[in-house]
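Right, one structure below, let's go through it.
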Amino acid sequence: MSKILTGIGICGDLVIAPLFYCEQEISLPTENITDINSELTRLNQTISLAKQELSDLYEKTLKQYGQEKASIFEVHQMMLDDPDFYESIKNFIENKENIFQAIQKTAHNFAKMLADTDDPYMQARVADIKDICKRLISILLGTKSNYMMEQPSIILAKDLTPSQVVTFDESKILGFALQEGSANSHASILAKANSITTVINLKEIDKNWNGKTAILNAHTGTLIIDPSPEQINQAKKDLEIIKNQKIALEKLKGTKTSTKDGKTIKLYANKNDIEDIDKALNQDPEGFSLFRTEFTYLKASAYPTEETLFNVYKETLIKAKGKEVVFRTLDIGADKTAPYFNLPKEENPALGLRAIRLCLTRQELFKTQLRAILRAGAFGNALIMFPMIISVKELDNTLTILNEVKQELKTQAISFKEDLQVGIMIETPAAALISEDLAPKVDFFSIGTNDLTQYTCALDRQNRELLPFLDTHHKAVLKLIEMTVQNAHKYNKWVGICGELASDMTLTETFLRFGVDELSVTPPNILPIRQKIQSLDLSK
Ligand code: PEP
Ligand code: MG
């Protein structure tokens, strides 16, 4: 009898292969120690061996996956260097706990501390702490943290650490089926970077499934164990369809995003950071119109300096090879926070001190970012965009600061891009309703449908419980989009859509009929949407 589990598909397509169960639980000594000094010596030796392993892994990952992925192991080295982490293990040992217990208890406490934060990025670091703990223990036990598979398989595991992902034999990994996992974890990031078919949150997995045939489908978020011949036949047909679709989509690379009757729009990609920009380019976007700059801040443990930001933006522009990149300025607050911002606790963070409000309140922070964007602008085709503007006054204040920064750079004789296009996001009903007043002051609008829907329908976008109440095609939202496009066009300004709705193919024709000039979608959606647009005839 086959069994079907449902989880969340993260990336990739569909695979039919045997499962390989990745064992993680090991039983460890529990008795207390008497010789504290020799246990501390063991600790120091183990930590230095772990650092050596991490440095080797860093080099290996750097060659195989590039700097961004390799930096995971730098983070692990930094965590091992954290005096609090070391002190905690040492304290347990000084209280006669054996080294295994001392490491495990420390990892448990640190993991809990991270999991208790409100920040998804910090929560995702729990896997890194567990990874470090496992590494120290496997060194102590003399076991290798390497997993040998005889044949290409789907890895079945409770969760995977980044080191597990990179120590697998890459040529044999066909998929990841995980009981736990999170979309933001480094393991998921590595899986996405390699388009490995991955489904997480599969509830109860069973190690006895090791060796059984399975169908893992990231499109449906399912894992079928011991599929019937009919299910295998169906999966093979689905695979054939996916393969043919891919061949058809490949042919669209380099073609225009135009309807049959000749309406051409810009089809751009959303990007959260510099990571995998080459892979995104491979999907043939015509530019990048939502570079969510806050992700650089979210990954940092302290405010990034102007130089750090400048280098990220410069490298992004160089990698974008002359294509437009719209840098959306810092949208910190609400669901995106980093501890060093010390943001006040708010009753309603989504209605609180976020995005442009925070930047107008902390102007030095804002100016540092603007200087970095303007300076980097000299190295490519940069545009700038401000999030969450709700009034003309706010826009005027923002533009005044931008001009002050330009003036400062001029006075300091620092080269920068003077005439870069400036736009704002329309992501509140207020902004849409006064878009006629905002349009003359900017070069473009980009409609953020994620927040526009949240604020128009008063539905918290983070709250899964509200899904039954969510109508993503709500007439109020569509009316606000149409109104925004009309107001922008009155002043000959272009309008894009950069929220998730831009990828909704059932709305593509509606958006084109509204007169939208640009759509910004996640990279895997570029070619399917181009295909959709090329199939439309707006004259009919
Ligand atoms: C939006 O709100 O639609 C948007 C694109 O911005 P973010 O999702 O980053 O809030
Ligand atoms: Mg938004």
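State the answer as a single residue: which of 495, 434, 472 lies farthest towards the positive end of the charge dipole of the stretch 423-540, with beta carbon charges of +1 for Lys and Arg and -1 for Asp and Glu, about the Cα centre.
In the stretch 423-540, that residue is 495.
When the convex hull of the Cα atoms of the stretch 36-141 is projected onto a plane and the area is averaged over all directions, what value comes out in nm²?
On the way: hull surface 26.4 nm².
Projected over every direction and averaged, the Cα hull of the stretch 36-141 covers 6.6 nm².
Considering Cα pairs under 8 angstrom that are at least six residues apart, work out the relative contact order of the stretch 268-420 and quote it in whole percent. Could the numbers behind the result be given before it?
Details: 233 pairs, mean separation 36.4, N = 153.
For the stretch 268-420, the relative contact order is 24 percent.
Which percentage, to the nearest 5, of the DSSP beta bridges contained in the stretch 268-420 is antiparallel? All intermediate terms of the calculation are to be shown ahead of the outcome.
Working: 1 of 13 bridges.
Just about 10 percent of them are antiparallel.
How large is the charge dipole for the stretch 268-420, taken about the Cα centre, if only the Cβ atoms of Lys, Arg (+1) and Asp, Glu (-1) carry charge, to the nearest 20 debye? Spell out each step's value before the answer.
Details: 21 positive and 22 negative charges, 29 e Å.
Rounded to the nearest 20 debye, it is 140 debye.
Could you give the alpha-carbon Rg of the chain over 2.2 N^0.38 Å, rounded to two decimals?
Normalised by 2.2 N^0.38 Å, the Cα Rg of the chain equals 1.06.
Assign unit charges at the C-beta atoms only (+1 for Lys and Arg, -1 for Asp and Glu), then state the dipole size of the chain relative to its Cα centre in Debye, rounded to the nearest 20. Please list the in-between numbers first.
Details: 63 positive and 72 negative charges, 292 e Å.
In total the dipole reaches around 1400 debye.
State the antiparallel share, in %, of DSSP beta bridges confined to the chain, rounding to the nearest 5.
On the way: 18 of 58 bridges.
DSSP beta bridges in the chain are roughly 30 percent antiparallel.
Kindly express, to the nearest 10 degrees and within the range 0 to 90, the angle between helix 83-94's C-alpha long axis and the longest C-alpha principal axis of the chain.
20
Find which of 448, 524, 536 sits farthest along the positive direction of the dipole of the stretch 423-540, computed with +1 on the beta-carbon of Lys and Arg, -1 on that of Asp and Glu, about the Cα centre.
536
Pairs of alpha-carbon atoms within less than 8 angstrom and 6+ residues apart define the contacts here; what relative contact order does the stretch 262-352 have, in percent?
Numbers: 108 pairs, mean separation 27.0, N = 91.
Normalised by residue count, the contact order of the stretch 262-352 is 30 percent.
Given only helices, namely DSSP H runs of n ≥ 4 each adding -39500 (n - 2.57), what is the per-residue ellipticity at 222 nm of the chain, to the nearest 500 deg cm²/dmol?
Details: 21 runs with 248 residues, N = 540.
Calculated mean residue ellipticity at 222 nm is -14000 deg cm²/dmol.
Among 205, 533, what is the fewest-to-most ranking by other Cβ atoms within 10 Å? Display every interim value, and only then the final one.
On the way: 205 20, 533 25.
If I rank by nearby Cβ atoms, fewest first, I get 205, 533.
Over the C-alpha atoms of the stretch 268-420, what are the Rg and the largest Cα-to-Cα span, Dmax, in Å?
15.2, 45
Would you please name the trypsin sites (Lys or Arg not before Pro) within the stretch 252-348 that are DSSP coil residues with at most 15 other C-beta atoms within 10 Å of their C-beta? Don't skip to the answer; put the middle values down first.
Working: sites: 253, 256, 260, 263, 266, 271, 279, 292, 299, 314, 319, 321, 323, 328, 336, 345; in loops: 253, 256, 260, 263, 321, 323, 345.
Passing sites in the stretch 252-348 are 253, 256, 260, 321, 345.
Given 154, 304, 50, which one lies farthest toward the positive end of the charge dipole of the chain, if we put +1 on the Cβ of every Lys and Arg and -1 on the Cβ of every Asp and Glu?
Farthest towards the positive end: 154.
Per residue, what volume in Å³ does the Cα convex hull of the stretch 500-540 take up? Don't skip to the answer; put the middle values down first.
Details: hull volume 2.7 nm³, N = 41.
Enclosed volume per residue, from the Cα hull, is 67 Å³.
Taking 27 Å as the cut-off for C-alpha to C-alpha distance, list the pairs among 266/336; 367/441; 96/134 that go past it.
On the way: 266/336 29 Å; 367/441 20 Å; 96/134 21 Å.
Violating the 27 Å Cα-Cα cut-off are 266/336.
Read the figures in this text as sums done on the coordinates, not as results from a lab. The model shown is predicted, which means the values in this text are computed figures rather than measured ones. Reconstructed Cβ throughout: ideal geometry from the backbone, glycine too, with neighbour counts over all protein chains shown.
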